[in-house]
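The values are calculated or read from the model by the stated rules, or taken from the named source; none is laboratory data. Not measured: the values here are computed from a predicted model. All Cβ positions, even for glycine, are placed from backbone atoms using ideal geometry, and neighbour counts span all protein chains on display.
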Amino acid sequence: MRLDDERESSNVDDRRGEDGGGGGMGLGGGLGIGGVVLALAASWLFGINPGVLMHAAETRQAAAPSQRDAPAHAIPANDAEAHFVAKVLASTEDVWTEIFKARGQVYRKPRLVLFSGRTGTACGTGQTAQGPFYCPADERVYIDLEFYRELQTRFHAPGEFAEAYVIAHEVGHHVQKLRGISGRVERAEQAAGSPAARNSLSVRLELQADCFAGVWGHLADQQQHLLDPGEVEEALKAASAIGDDTLQKQARGYATPDTFTHGTSAQRVAWFRRGMESGDPKQCNPFKPGEMQAATGTPP
């Protein structure tokens, strides 16, 4: 990616090296061992279902240690990877600020927290094993940069645009919060009559975040000419590598669609591609009847 001359976001907190875990609620708290294994496999790349995070924040926020008011630390001058993340975040800020402005709205920028091992959040204690995640209660994206090694080695999806896609997806969840989408989905999940129905809503939320990531990629490249040839394929490869069906088959040899929470490999690729090709957030509506099938060729 051509980011050398681009600005860095000032909304980055560097907590690496701090002991931020505390004794509070884990983000995946309450799951049994089997559920934890499957949940980690299904959400390794993009963290925990934001609906679960919001519910946890609403019901147990008082008991969870949070460092959201802790003083921010500057990124070390020689940390190229962290500076890369700050530039990607800045690019998402520029793109979504313009999108919101065109709608007569103000984009409230999220903060991004770099941590190592574990850290306190308004959604509980975040841990490296959970992968990058967004906490709607404090409007922060959390990432341990060691995850990028996992992206290369475990998921075989190297490349700067694949790494940028991770950040853009989590920022997509922030956009969902600002637009009230994730709140409506959370209420629908609570009213759903079965786990399968709740999971179906979760899948749609995640696929929309994938599409929003693609919208950012399209507009950022249009405005800043960031991408080199072949880099879009890097992100598509990452999206394919972390589909629920692919991860479940790798973990146990078969997939159980009713337990999917993030979407199949084909769905994730299709929705990221839809955003990347259109650059239009209005095209990112997997909640609309028929849109899931139209985008992926699969039934809703």
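Numbers for the structure displayed
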quantity	calculated
Qualifying positions in region 134-153 - touching a Phe, Trp or Tyr at 6+ places or on another chain (Cβ under 8 Å) and modelled with pLDDT under 95	Glu150
Selected residue [more than 20 Å from Cys284 (Cβ to Cβ) and assigned to a helix (DSSP H, G or I)] from Arg198, Arg204, Arg184	Arg198
Conditions (1) under 21 Å from Glu206 (Cα atoms); (2) in contact with a Ser or Thr (Cβ under 7 Å, 6 or more places away or on another chain): number failed by Lys109	(2)
Test: residue in region 107-118 that is more than 25 Å from Arg179 (Cα to Cα) and in a strand (DSSP E or B)	yes
Selection count where residues are out of contact with any Leu (no Cβ under 6 Å at 6 or more places or on another chain) and buried (at least 22 other Cβ atoms within 10 Å of the Cβ), scope region 139-161	6
Residue in region 279-292 that is within 14 Å of Leu207 (Cα to Cα) and at pLDDT below 85 present	yes
Whichever residue in region 115-140 is of a type in the set (Gly, Ala, Ser) and under 16 Å from the mean Cα position of the chain (by Cα) and, among such residues, is nearest to Arg15 (Cα to Cα)	Gly126
Top-ranked residue of region 202-225 - restricted to ones that are modelled with pLDDT of 90 or more and more than 16 Å from the chain's Cα centre (by Cα), ranked as surrounded by the fewest Cβ atoms within 10 Å (Cβ to Cβ)	His225
Qualifying residue in region 208-222 (condition: aromatic (Phe, Trp, Tyr) and without any contact (Cβ under 8 Å) to a residue 24 or more places away in the chain)	no
Count of residues meeting criterion [assigned to a loop (DSSP other than H, G, I, E, B) and either within 18 Å of Thr261 (Cβ to Cβ) or in contact (Cβ under 8 Å) with a residue 24 or more places away in the chain (or both)] in region 155-181	5
